[in-house]
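Only one structure is covered here, and it is reproduced in the block below.
The values are calculated or read from the model by the stated rules, or taken from the named source; none is laboratory data. Just so we're clear, the structure is a prediction, and the values are computed from it rather than from any experiment. Here the Cβ positions follow ideal geometry from the backbone for every residue, glycine too, while neighbour counts run over all protein chains shown.
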Amino acid sequence: MLDPYIPLVLMLALALAFTVFSVAIAPLVGPRRYNRAKLDAYECGIEPSPQPVMGGGRMPVAYYLTAMMFILFDIEMVFLFPYAVSADMLGMYGVVAVVLFIVTFGLADIYVWRRGGFDWN
């Protein structure tokens with residue numbers, strides 16, 4: 001009865017074993033060359049500073065909008081691929097659902113555009 005799930009369970013067990021093994025063995029076989037630069041905070045390749053550089057400690061909203069755009073486009077593609085594969089089987093219900101989906105993401109894109117997320121200055 002559960003025979004079709006045996007390969008899935010074996011694959012999950014193999015993935016779990018590999019993960020545990022990799023995490024456990026890394027400190028033992030990894031390099032141990034520590035220096036001050038490796039122990040300092042990493043800020044996207046910029047030299048870390050004790051004080052915030054811009055605007056009294058506030059991060060520019062463009063960082064968050066870039067992340068939001070990535071998530072929006074990523075989710076949009078993940079949900080549109082299955083629709084593209086089975087569009088003929090869904091009929092008019094599928095067309096309405098995808099139009100509502102695209103309109104929702106279009107509103108999110110308009111929000112990002114209005115907040116200046118597409119201005120790369």
Quiz prompt | Flag for residue 48 being part of a loop (DSSP other than H, G, I, E, B), at pLDDT below 85 and surrounded by 10 or more Cβ atoms within 10 Å (Cβ to Cβ) | solution = no
Pairing a residue in region 67-79 that is over 12 Å from residue 101 (Cβ atoms) with any residue that is in a helix (DSSP H, G or I), where Cβ atoms lie under 6 Å and the two sit 6 or more apart in sequence or on different chains, gives 69/112
